[in-house]
Amino acid sequence: MEKLIQFIKKDKNYKFTTSLSLLEMLIIFSERFFQVFRGLFYKLFFKSSKGLTFVGSNVKIKHKNMISLGKNVIIDDNVYLNGLSLNGIVLGDNVTISRNSIFVCSGVIRSKGVGIKIGDNTGINARAFLGGQGGIEIGSYVIIGPDVKIFSENHIFSSIELPIKDQGESRKGVKIGNNIWIGSGAIILDGVNLNDGCVVAAGSVVTKSFPQNSIIGGVPAKLIKTRTNE
């Protein structure tokens, strides 16, 4: 199995740290077999799909013609993707979207959103929510923990006379660089730019941008320290 995964991922450094029993391997293979079977069906409708696609059960995907996938993308059980937007949803190679995650690119029909783009080898953990109305760009080798929420749009509320829902929205977009770890339950708000190598503590609310290799945490998030080789 290790050699097979190395071949699929094109990664000779992929190694198991623990052994698997024959029964465990059979369970994993059977699950992946059905995911590949579903993926072959979905490939007929995606804008593009370069390699194997693993699709779990109860997955709902709308506007498939606006979704582009790289190689070996895993879309786990109960994931909801809606690609309706200017740029759609673009997923790189070896991207994993874990169960019960939601990607939405347009909040309302009257105003299409920008979309969501994710680089290679990035993992989105369970129950993540990505709102791509103002555009979300996530780099490569990014770890996003469970229950993380990323918002790329804000409601305007400057008038006290008009209902907030009738005052429109502001959109700046969110950019997350490469090699970043966002801890469980963190919230990233519109306009944030996290540069390469940042680490976001679990439960943080990130309201502003941070430079490379920043370790941040809190509500609102503040700089705790900067990562160094030491």
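What the table below lists for this structure:
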quantity: Subset of region 30-65 that is among the aromatic types (Phe, Trp, Tyr) and surrounded by 12 or more Cβ atoms within 10 Å (Cβ to Cβ) - its residue that is farthest from TYR80 (Cα to Cα); calculated: PHE34
quantity: In region 66-88, residue nearest to ARG171 (Cα to Cα) [restricted to those that are in contact with a helix residue (DSSP H, G or I) (Cβ under 7 Å, 6 or more places away or on another chain) and open to solvent by less than 10 Å² (accessible area, probe 1.4 Å)]; calculated: SER85
quantity: Number of positions in region 145-157 that are in a strand (DSSP E or B) and more than 21 Å from VAL200 (Cα to Cα); calculated: 2
quantity: Identity of the residue in region 201-230, modelled with pLDDT of 95 or more and polar (S, T, N, Q), that ends up most open to solvent (accessible area, probe 1.4 Å); calculated: GLN212
quantity: Per-region count, region 39-86, residues among the hydrophobic types (A, V, I, L, M, F, W, C), more than 21 Å from GLY135 (Cβ to Cβ) and either in contact with a Gly (Cβ under 6 Å, 6 or more places away or on another chain) or part of a loop (DSSP other than H, G, I, E, B) (or both); calculated: 6
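Okay, residues lined up against (1) in contact with a Ser or Thr (Cβ under 7 Å, 6 or more places away or on another chain); (2) open to solvent by less than 100 Å² (accessible area, probe 1.4 Å); (3) aromatic (Phe, Trp, Tyr); (4) closer than 22 Å to GLY113 by Cα:
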residue	(1), (2), (3), (4)
GLY135	yes, yes, no, yes
PRO146	yes, yes, no, no
LYS149	no, yes, no, yes
GLU161	no, no, no, no
LYS165	no, no, no, yes
GLY173	yes, yes, no, yes
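The values are calculated or read from the model by the stated rules, or taken from the named source; none is laboratory data. Remember, it's a predicted structure, so these values are computed and weren't measured experimentally. Cβ sites come from the backbone with ideal geometry, for glycine too, and all protein chains shown count toward neighbours. Ligands, DNA and RNA are stripped out before the accessible areas are found, and what is left, the full protein with its side chains, is counted by its heavy atoms. Shrake-Rupley method; radii C 1.70, N 1.55, O 1.52, S 1.80 Å.
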